[in-house]
Amino acid sequence: MERSRWYLDRRLWLEAFALVNLGFLAPDIYLAHSVNLFRRSAECVPLVFSLAAPVVLLPGIISLRHGSSLQWWRWLGFLVGWIAIAVGITGLVLHLGSRFFYENTLESLVYTAPFAAPLAYTGIGLLLLMNRMVDPDSPDWARWVLLLALGGFVGNFIFSLADHAQNGFFFVTEWIPVASSAFAIGFLVVPFLAQVSRAFIAACQVVMVIEAAVGILGFYYHTAANFGGRSASLFDNFVYGAPAMAPLLFPNLALLTFIALDALQGHVPAHASPPSRICEE
């Protein structure tokens, strides 16, 4: 890799994406677990991990950028990746265990701790592992990134549906993230089912712009609601009110999808082939 063209290295894009996401999960975890003042010591684990992981990843990213010792990049990424997967799966079980495993009802699934949220760690961990195991110039790399982005939108659909069901979708705008997540899923699943063209890739990119706009709109609505909250302090409004950072998952996943689509478009034809005729009349 030429140093003058390091910014074209998709591995670096994915590493930077993972590092920034792990870092930004720290304030989100802090607000979410402040609801019960970190009553259980296990609730400190994702916060500490989110603060430490970017520090561990950074030397490896620097070595990748300069093309020096890739062993550091590889093993530090494996370390953080596997821990992230473990943190995500453990968090899923603990969140469900707060109520769902005891009652096994749809109501307990909605009103339990946001069970899909910890899987953000698992997704980032899988990205780090995949980035070290698959050739970034191959179509497999692009499809793996796209698959993980698709999984993120599936999780976002579940999260948006369960979170807004808590107040019975009191505002009609609360259906926007649910519908837009489903819309994104419908588009992103197509490359795994049929041959697509660059025109379809461009259509997906337009959809991702819309998804990012939905996230920014949601961030505005959530933040405005918290600023107008009735708690004793602004901090309490953000702790007990609408999760301000949750809608930012939309532009975040849109960015990841853009990385996948950029890599994928070099492996698809400019125009889709017409469907073959099974029989001739």
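The values are calculated or read from the model by the stated rules, or taken from the named source; none is laboratory data. No experiment lies behind these values; they were computed from the predicted model shown. FYI the Cβ positions are ideal-geometry reconstructions off the backbone, even for glycines, and counts take in every protein chain you see. Ligands, DNA and RNA are excluded from the accessible area calculation, which covers all protein heavy atoms including side chains. Shrake-Rupley method; radii C 1.70, N 1.55, O 1.52, S 1.80 Å.
Alpha carbon centre of the range 125-202 versus the range 19-61: separation in Å?
The distance from the Cα centre of the range 125-202 to that of the range 19-61 comes to 24 Å.
Given Cβ point charges of +1 (Lys, Arg) and -1 (Asp, Glu) and nothing else, what value in debye, to the nearest 20, does the dipole of the chain about its Cα centre take?
So the dipole magnitude of the chain works out to roughly 560 debye.
Taking only DSSP H segments of four or more residues, each worth -39500 (n - 2.57), what value at 222 nm results for the chain once the sum is divided by all its residues, to the nearest 500 deg cm²/dmol?
That calculation yields -23500 deg cm²/dmol at 222 nm.
What is the local net charge at LEU76, summed over the other residues whose Cβ is closer than 15 Å to its Cβ (Lys, Arg +1; Asp, Glu -1)?
+3
Binning at 5 Å from 0, report for the chain what percent of all alpha-carbon pair distances ends up in each bin.
1, 5, 11, 15, 17, 16, 13, 10, 6, 4, 2, 1, 0, 0, 0, 0
Lys and Arg at +1, Asp and Glu at -1: add these up for the other residues within a Cβ distance under 15 Å of LEU57 and post the number.
Here the count lands on +3.
Please identify the helices of the chain, taking whole runs of DSSP H, that span at least 24 Å along their own axis as judged from the Cα atoms and have a mean Kyte-Doolittle score of 0.0 or higher.
10-33, 44-66, 70-97, 139-165, 198-227
Ignoring ligands, DNA and RNA, please state the percent of accessible area on the range 142-266 from carbon and sulfur, probe 1.4 Å.
The C+S portion of the solvent-accessible surface of the range 142-266 is 73 percent.
May I ask you to give the solvent-accessible area per residue for the chain, in square angstrom, as obtained with a 1.4 angstrom probe?
I get 54 Å² per residue for this part.
Residue separation times 0.36 nm, minus the C-alpha to C-alpha distance between SER138 and ALA232: what's the value?
28.4 nm
For labels at TRP82 and GLN166 in the simple 7 Å Cα→Cβ model, what's the distance in nm?
3.5 nm
Please tell me the relative contact order of the chain in percent, rounded to the nearest whole number, where contacts are Cα pairs under 8 Å and at least six residues apart.
Once divided by the residue count of the chain, the mean separation gives 18 percent.
Compute the signed sum of charges (Lys and Arg +1, Asp and Glu -1) over the other residues within less than 15 Å, Cβ to Cβ, of THR257.
Charge balance near THR257 sits at 0.
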